[in-house]
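Chemist: Handing you a structure now.
The values are calculated or read from the model by the stated rules, or taken from the named source; none is laboratory data. It should be emphasised that the depicted structure is a prediction, and the values quoted were computed from it without experimental measurement. All Cβ positions, glycine included, derive from the backbone under ideal geometry; neighbour counts span all protein chains shown.
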Amino acid sequence: MSATEAEVIRWGAEGARVVPWRGDRTIAYLTPLIGARPTSSAFATRCVEQLAGQGFGKVVTSALGPLEQTGFLAAGFQVEEDLQVLCHQLGDLPRRSPSFGDGRRCLRRARANDHPAVLAVDNCAFSPFWHLDRTTLSEVLEATPRSRFCVVVDKAANGVLGYAITGRTRDRGFLQRLAVDPSCSRQGIGRALVIDGLCWLRRWRVERAMVNTQLGNDAALGLYESLGFRRQPLRLAVLSTGLSR
């Protein structure tokens, strides 16, 4: 398997898609197939054995709900990260700021030549384990049928200060990624990007928007709740296990 090539593992009615995690050939990223039977401990074990045989040293799952986690946990997986799910009903939206006050910054749609700067901001905003690269950025953009990819830029330097990717299906929206350069935090950049995404979703008559973030990310949780998101009882988790070669 190359750094970007996907593999599908099937066993009866169960199945999972596997790609190297963020291009790292030592870590496998495993996502249960949509519509497949919930992963059993036997299938999870089978995946682990197959991936160990291919030379991987670790397996990381996609974000899973409580029922989806059962088979993996029984097979020895551990929680890598707990995620809080939040929902916005898209009724009353916060007012959009017409500018950032000093006129030096603007919010616009991202362009192809923004991608290197977007990834640089992403790498500053997240810990190394969660960094995006060119391949995974493309995967985020293609994860939903329609998406809106916006950046906030410094007009003078033409530098990207933050970005957001919002996706939608027919009736549901997702804030898929939000990152702001840490040197520009608490300056309204993240707020402006989230409001832009929510307004776009409502224009397309989406009924609600979802986002998830790490339980300990108090800054993100505070931002989302200040904009009308509400915490949901459902929590997700990313699971992982080390492999014996």
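Chemist: Based on this model, can you work out whether residue 92 counts as under 28 Å from residue 203 (Cβ atoms), among the charged types (D, E, K, R) and touching a residue at least 12 places away in the same chain (Cβ under 8 Å)? Please lay out each step first, then the result.
Modeler: Working: under 28 Å from residue 203 (Cβ atoms): yes; among the charged types (D, E, K, R): yes; touching a residue at least 12 places away in the same chain (Cβ under 8 Å): yes.
Yes; evaluated as a whole, the condition is true for this residue.
Chemist: On to the next question. Where the second residue is part of a loop (DSSP other than H, G, I, E, B) and modelled with pLDDT under 95 and the first is among the basic types (Lys, Arg) and lies in the stretch 174-187, which pairs have Cβ atoms under 9 Å and are six or more apart or on separate chains?
Modeler: Matching pairs, first to second residue: 177/132.
Chemist: Another question, then. Name the single residue that is farthest from the chain's Cα centre (by Cα) among those in the stretch 212-233 being hydrophobic (A, V, I, L, M, F, W, C) and surrounded by fewer than 16 Cβ atoms within 10 Å (Cβ to Cβ). Spell out how you get there, then give the answer.
Modeler: If we filter the stretch 212-233 for residues that are hydrophobic (A, V, I, L, M, F, W, C), which is where we start, we get 215, 219-221, 223, 227, 229.
Still in the list and also surrounded by fewer than 16 Cβ atoms within 10 Å (Cβ to Cβ): 215, 219.
Values: 215: 14, 219: 17 Å.
Among those residues, the one meeting the criterion is 219.
Chemist: Do we find a residue being within 30 Å of residue 226 (Cβ to Cβ) and either out of contact with any Ser or Thr (no Cβ under 8 Å at 6 or more places or on another chain) or in a helix (DSSP H, G or I) (or both) anywhere in the stretch 14-21?
Modeler: Step one: filter the stretch 14-21 for residues within 30 Å of residue 226 (Cβ to Cβ), giving none.
Within the stretch 14-21, not a single residue is within 30 Å of residue 226 (Cβ to Cβ) and either out of contact with any Ser or Thr (no Cβ under 8 Å at 6 or more places or on another chain) or in a helix (DSSP H, G or I) (or both).
Chemist: Turning to a different aspect of this structure: Report, by residue number, each residue of the stretch 8-34 that is loosely packed, with under 14 Cβ neighbours inside 10 Å, at negative phi and at pLDDT 90 or above. Break it down stepwise before answering.
Modeler: Quick first cut of the stretch 8-34, residues loosely packed, with under 14 Cβ neighbours inside 10 Å only: 8, 10, 12-13, 26, 34.
So of that shortlist, the ones also at negative phi come out as 8, 10, 13, 26, 34.
If the condition is that a residue be loosely packed, with under 14 Cβ neighbours inside 10 Å, at negative phi and at pLDDT 90 or above, then 8, 10, 13, 26 are the ones that fit.
Chemist: In addition: Determine, yes or no, whether residue 76 is modelled with pLDDT of 95 or more and either of a type in the set (A, V, I, L, M) or assigned to a helix (DSSP H, G or I) (or both). Spell out how you get there, then give the answer.
Modeler: Values: modelled with pLDDT of 95 or more: yes; either of a type in the set (A, V, I, L, M) or assigned to a helix (DSSP H, G or I) (or both): no.
No, not satisfied.
Chemist: Give the residue, chosen from 128, 116, that is closer than 30 Å to residue 240 by Cα, more than 17 Å from the chain's Cα centre (by Cα) and not hydrophobic (A, V, I, L, M, F, W, C). Step through it out loud before you land on a result.
Modeler: On the way: 128 fails: more than 17 Å from the chain's Cα centre (by Cα).
When all the criteria are applied, what remains is 116.
Chemist: Taking only the stretch 118-147 into account, find how many residues are among the aromatic types (Phe, Trp, Tyr) and modelled with pLDDT of 90 or more. Don't jump to the end; show me each part of the working.
Modeler: Pass one, the stretch 118-147, residues among the aromatic types (Phe, Trp, Tyr): 126, 129-130.
Next, only the ones that are modelled with pLDDT of 90 or more stay: 126.
Adding up the residues that qualify gives 1.
Every residue, every condition in (1) among the aliphatic types (A, V, I, L, M); (2) in the same structural domain as residue 31 (by TED's automatic domain parsing); (3) under 11 Å from residue 86 (Cα atoms), yes or no:
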site: 170; (1), (2), (3): no, no, no
site: 180; (1), (2), (3): yes, no, no
site: 187; (1), (2), (3): no, no, no
site: 194; (1), (2), (3): yes, no, no
site: 198; (1), (2), (3): yes, no, no
site: 223; (1), (2), (3): yes, no, no
site: 229; (1), (2), (3): no, no, yes
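Chemist: Name, by its number, the condition in (1) touching a residue at least 60 places away in the same chain (Cβ under 8 Å); (2) assigned to a loop (DSSP other than H, G, I, E, B) that does not hold for residue 35.
Modeler: Residue 35 satisfies all of (1) touching a residue at least 60 places away in the same chain (Cβ under 8 Å); (2) assigned to a loop (DSSP other than H, G, I, E, B) except (1).
Chemist: Using the structure shown, decide if residue 209 is touching a strand residue (DSSP E or B) at 6+ places or on another chain (Cβ under 9 Å), surrounded by 15 or more Cβ atoms within 10 Å (Cβ to Cβ), farther than 17 Å from residue 83 by Cβ and among the aliphatic types (A, V, I, L, M). Don't jump to the end; show me each part of the working.
Modeler: Details: touching a strand residue (DSSP E or B) at 6+ places or on another chain (Cβ under 9 Å): yes; surrounded by 15 or more Cβ atoms within 10 Å (Cβ to Cβ): yes; farther than 17 Å from residue 83 by Cβ: no; among the aliphatic types (A, V, I, L, M): yes.
No; evaluated as a whole, the condition is false for this residue.
Chemist: Another question, if that's okay. If only one of 237, 209, 219 is touching a residue at least 12 places away in the same chain (Cβ under 8 Å) and touching a Cys at 6+ places or on another chain (Cβ under 9 Å), which one is it?
Modeler: The unique qualifying residue is 209.
Chemist: Additional query: Conditions: (1) crowded, with 20+ Cβ neighbours inside 10 Å; (2) touching a strand residue (DSSP E or B) at 6+ places or on another chain (Cβ under 8 Å). Residue 236 meets all but one. Number of the miss?
Modeler: Looking at each condition in turn, residue 236 falls short on (1).
Chemist: Filter the stretch 195-222 for residues that are closer than 19 Å to residue 180 by Cβ and touching an Asp or Glu at 6+ places or on another chain (Cβ under 9 Å) and give the result.
Modeler: Passing the criteria: 214, 216.
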